[in-house]
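Taken together, the values in this text are just the output of simple stated rules run on the coordinates, not laboratory data. The structure displayed is predicted, hence computed values, not measured ones. Positions of Cβ are backbone-derived with ideal geometry, glycine not excepted, and every protein chain shown enters the neighbour counts.
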Amino acid sequence: MIGRRAVVGLSLLCALAFSAFAAQSAVAVKGTTAFTCEPAKEGAGFSDEHCEKAVGAGASFKHSEIKPGVKTQLSVSNNETGGKNSTGKIYALFLGEEIRLEAGGFTSCINKVSLENKENGAKQMEAAGEFCGEFFNVEAKTPVGCKVKKGVVKVPEKNEIKTVVKKIEEKQQMYTEIAAPEKKPLMTFELEGCPVPEMNNVAINITGSAAANVTTEEKLDGPTLEFLTEQTEKTLKVGENVAKFEGSLTTRMLPAVGQESNPVVVTTTAN
């Protein structure tokens, strides 16, 4: 497809968003389409398994478009290229106390994370899906003495994951966004053992949305979603207080038994 540009790993995921400004522009915002990054033997493509390094010949990997109209199951983890694992960090303010959590890992729900390439109301392709999972081996760094119940921060079912493309002045900004349904938490956890009794055994809900890979640059992002505190602090809250999240999540096809799990990327397309 002409005008392709990798913007997210979904990863799960993505829907096209139009701003009022972009709708009035003579140049429409682009569509989005999800691809797998699968092995190749020759020709143009990519030299790496995450389809980030483009080559004109001798490719080891290539984009393979996910069939439109088919809901594809995905898996998401904190495992990046070369066996590197990302540490998820969550910050929140609750009852006047600063909470700082660090997660040992992340795993998505089985058969409940999906992606589908389809045509939207503006007759453009978009990839959209649902997302859920949990951070595990979570430790409370502050307040001192607090522990995370079961060591888990849950990301409930029915969260939407989408790729947003919008016009800002003369450039198109793109990012992946995970958003909770209205009045539902994006993340939720409980603490125990805290010095402040009122903090224990109550659901602490983080609401709002989190954006990853926010960019207007012409570069390949591959299947890894990178969440930065300077972005998430604009959109996440606990009650009326600011919350933050930072970390990386990588999206792959849900593999059949005995098969390799190919990464998933989402690219912008001309339509």
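Could you state the per residue volume, in Å³, of the convex hull enclosing the Cα atoms of segment 41-126?
Numbers: hull volume 17.1 nm³, N = 86.
Enclosed volume per residue, from the Cα hull, is 199 Å³.
Straight Cα distances below 20 angstrom link LYS141 to the lysines LYS89, LYS149, LYS150, LYS154, LYS237, LYS244, with same-chain residues fewer than 8 positions distant left out. Shown here are the Rg and Dmax of the Cα trace of segment 43-85, at 13.2, 33 Å. Inter-label distance, THR107 to LEU93: 3.5 nm, where each label sits 7 Å from its Cα along the C-beta direction.
Taking segment 30-62, which GluC sites (Glu not before Pro) meet the DSSP loop condition and have no more than 10 other C-beta atoms within 10 Å? Write out the running numbers ahead of the final one.
Numbers: sites: GLU42, GLU49, GLU52; in loops: GLU42, GLU49, GLU52.
Here the GluC sites (Glu not before Pro) that fit, given the DSSP loop and packing criteria, are GLU42.
With only Cα atoms counted, segment 143-246 has Rg and Dmax values of 16.3, 53 Å.
Mean sequence separation of contacting Cα pairs (under 8 Å, at least six apart), scaled by the length of segment 73-212, corresponds to a relative contact order of 18 percent.
Extension gain, THR229 to LYS149: 0.36 nm times the residue separation minus the Cα-Cα distance gives 26.4 nm. 3J(HN,Hα) along segment 37-43, derived from phi through the Karplus expression 6.51 cos²θ - 1.76 cosθ + 1.60 where θ = phi - 60°, amounts to 10, 10, x, 9, 10, 6, x Hz, with x in place of Gly and Pro.
Would you mind calculating the gained length between ASN241 and THR216 on full extension (0.36 nm times residue separation, minus the Cα-Cα distance), in nm to one decimal? Could the numbers behind the result be given before it?
On the way: separation 25, 0.36 × 25 = 9.00 nm, distance 2.93 nm.
Length gained between ASN241 and THR216: 6.1 nm.
Return the tail of the calculated pair distribution for segment 81-213, meaning the percent of Cα-Cα pairs more than 18 Å apart.
On the way: 5422 of 8778 pairs.
When every Cα pair of segment 81-213 is considered, 62 percent fall beyond 18 Å.
The alpha-carbon atoms of segment 135-196 define a convex hull whose volume equals 148 cubic angstrom per residue. Taking amide H positions as modeled 1.01 Å from N, with prolines and chain starts lacking one, the residues under 5 Å from VAL152 and 5 or more places away or on another chain are VAL138. Computed from phi, the 3J(HN,Hα) profile of segment 130-135 under the Karplus parametrisation 6.51, -1.76, 1.60 (θ = phi - 60°) reads 10, 9, 7, x, 7, 8 Hz, with x in place of Gly and Pro.
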